[in-house]
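A.B. asks: My questions will all concern the structure given below.
Every number in this text was worked out from the coordinates using simple rules, so none of it is lab data. Given the structure is predicted, the values throughout are model-derived calculations rather than measurements.
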């Protein structure tokens, strides 16, 4: 997606060799027009799949999933919560996820009321590094007896291997920009796959 790659090159900030900050347009301050274009791209890729719900993880995936939902006829968006609270249902699906950026594991949870057997689920998220968040969401989908139809990722850090692992497992993964390296502050994108 050239418009996204251009924006990453113009506004992305590289920290070290493995952190890419795109918070000025993707996951802190949001460029809604860009989100809309992202939604169109995911709809084009998954157009032949029946999608009943979109699943993401709080917090930065929520806004993105909502905009993507509009391109799929406003299917419900469900997000996995990272923290337990008094108002979270006790009957939940859960999985353990390791966060590369936070360098810690945490439990993600979805109420059993919001994922049902035989539903077709599209997972949407902003970043993919080691793939652990997607594997955790896939586990929750499987616990519910639902079906993972595909995964849409805005920025994949290809050099961390998560995307390759998911593709090798047969998951229909669409990443709109795959960063192959960020050595010396220079962002190199993978050619389209």
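A.B. asks: So how tilted is helix 60-70 from the main axis of the chain? Cα-based, degrees 0 to 90, rounded to 10.
C.D. replies: 80 degrees
A.B. asks: Tell me, rounded to the nearest percent, the portion of alpha carbon pairs in segment 33-115 spaced more than 17 Å apart.
C.D. replies: Roughly 54 percent, once rounded to a whole number.
A.B. asks: Averaging the inverse of every distinct alpha carbon separation and then flipping it gives the Kirkwood radius. What is it for segment 90-151, in angstrom units?
C.D. replies: About 12.1 Å for segment 90-151.
A.B. asks: I'd like the distance separating the alpha-carbon centroids of segment 19-47 and segment 89-150, in whole Å.
C.D. replies: Here the two parts' Cα centres lie 20 Å apart.
A.B. asks: Just to be sure I understand the curve: with the Debye formula and one point per C-alpha of segment 22-72, what is log10 I(q)/I(0) at q = 0.32 Å⁻¹?
C.D. replies: -1.28
A.B. asks: Ok, one more. Whole number please: convex hull volume per residue, Cα atoms of segment 87-193, in Å³.
C.D. replies: Working: hull volume 11.5 nm³, N = 107.
Output value, Cα hull per residue: 107 Å³.
A.B. asks: Quick check on the chain: what are the equivalent-ellipsoid semi-axes from the Cα gyration tensor, as sqrt(5λ), descending, whole Å?
C.D. replies: 26, 18, 16
A.B. asks: To the nearest 10 degrees, how steep is helix 132-144 against the longest Cα principal axis of the chain, on a 0 to 90 scale?
C.D. replies: 20 degrees
A.B. asks: Where does helix 2-11 land angle-wise versus the long Cα axis of the chain, in degrees 0 to 90, nearest 10?
C.D. replies: Relative to the chain, helix 2-11 is tipped by roughly 70 degrees.
A.B. asks: Something else about it: Is it possible to state the helix-based mean residue ellipticity at 222 nm for the chain, with each DSSP H run of 4+ residues giving -39500 (n - 2.57), the sum divided by total residues, to the nearest 500 deg cm²/dmol? What is it?
C.D. replies: -8500 deg cm²/dmol
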